Amino acid sequence: MERTHDAPAIQAFFDGWQLYRRIIDHDYMFHSAIRGAVRDVLRRTRPQNLLDLGCGDGALITEILPEIGPGSYTGIDLSPVALQAASANLASVEARTTLLEQDFLDFLGVRGEQTMQFDAILAGYTLHHLSLGALERFFRDAHARLSPGGVLLVYDVFRIGSETIAEAVKRSHAWREATWSGLNTEDLNAIWAHVSTADFPRSESELADLAVRAGFLTAPDLIWQASTEFHRLYAWQKDSG
């Protein structure tokens, strides 16, 4: 039986923020290239209200916000440690900033006359933690919370070809062990303990199908792909109505 996402375990891992910060500082997960690709999309779309799911310490988006000048930025994350860092990183941003310690699926599912819609929703390295049922809920609720013509940006790890989830997790970790030379054995063991229990990378076709069923009318645009082939950025646009 397929696992569902384990929010406490994910929070515990990312509360060890120093390790994840070192991964980002080494650019092992291609955050620099992703930042540039996200910047290009947001420069074109100029969202006034931006929602960042799994925002972490906000470092990726901090450099972009002054260039696009949104009216508001909302960051959601399970880790209070990451959110404390995000508060410091976003202190100089002129946009109205809201940071919430919350499961992003719960946030997306809120409904009501005063429920805010967003011109852009960003989900970075978060969807691979979700079961198919939770992913279906994600796309449905993300579509509902997007303004007409709004854009959903997803950067994550994905399966390659016909490999299974287990094969993808093992393959990606073998790549880490071979290339992440700045981390020691203890670090890599901690990462394996996390990914072997909490990661379920999906294929493009799985996400595309769920998105269509949620109301997105077109297939996703592949905005960026790393040399690994399994690190990618996709964009879906909501019909302008």
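The values are calculated or read from the model by the stated rules, or taken from the named source; none is laboratory data. All figures in this text were calculated on a predicted structure; none of them were measured in a lab. Glycine also receives a Cβ, built like all others from the backbone with ideal geometry; neighbour counts cover every protein chain displayed. These accessible areas exclude ligands, DNA and RNA; they are computed on the full protein's heavy atoms, side chains included. Shrake-Rupley method; radii C 1.70, N 1.55, O 1.52, S 1.80 Å.
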(message) Restricting to region 62-86, count the residues that are out of contact with any strand residue (DSSP E or B) (no Cβ under 8 Å at 6 or more places or on another chain), open to solvent by less than 10 Å² (accessible area, probe 1.4 Å) and not in a helix (DSSP H, G or I).
(response) 1
(request) Could you pull out the residue among His194, His173 that is touching a Ser or Thr at 6+ places or on another chain (Cβ under 9 Å) and open to solvent by less than 80 Å² (accessible area, probe 1.4 Å)? (result) His173
(message) Exactly one of these conditions fails for Ser181: (1) at pLDDT 95 or above; (2) over 23 Å from Ala123 (Cα atoms); (3) assigned to a helix (DSSP H, G or I). Give me its number.
(response) (3)
(message) Under 8 Å between Cβ atoms, which residue pairs at least 6 apart in sequence (or on different chains) link something in region 147-168 that is in contact (Cβ under 8 Å) with a residue 12 or more places away in the chain and farther than 22 Å from Ser32 by Cα with a partner that is assigned to a strand (DSSP E or B) and among the β-branched types (Val, Ile, Thr)?
(response) Gly150/Ile121; Ala168/Val157
(message) Considering only residues that are closer than 15 Å to Ala142 by Cβ and in contact with a helix residue (DSSP H, G or I) (Cβ under 7 Å, 6 or more places away or on another chain), which ones fall in region 214-224?
(response) Ala214, Gly215, Phe216, Pro220
(request) Taking Gln225 as meeting all but one of (1) within 24 Å of Thr45 (Cβ to Cβ); (2) in contact (Cβ under 8 Å) with a residue 12 or more places away in the chain; (3) out of contact with any Leu (no Cβ under 6 Å at 6 or more places or on another chain), write down the number of the exception. (result) (2)
(message) When you scan region 205-225, do you find a residue that is basic (Lys, Arg), open to solvent by 60 Å² or more (accessible area, probe 1.4 Å) and more than 22 Å from Leu122 (Cβ to Cβ), even just one?
(response) no
(message) Against the condition at pLDDT below 95, open to solvent by less than 40 Å² (accessible area, probe 1.4 Å), farther than 21 Å from Leu188 by Cα and in a helix (DSSP H, G or I), how does Leu19 come out, does it pass?
(response) no
(request) Give Glu113, Glu163 a once-over and let me know the one that is in a loop (DSSP other than H, G, I, E, B) and either at pLDDT 95 or above or open to solvent by less than 60 Å² (accessible area, probe 1.4 Å) (or both). (result) Glu163
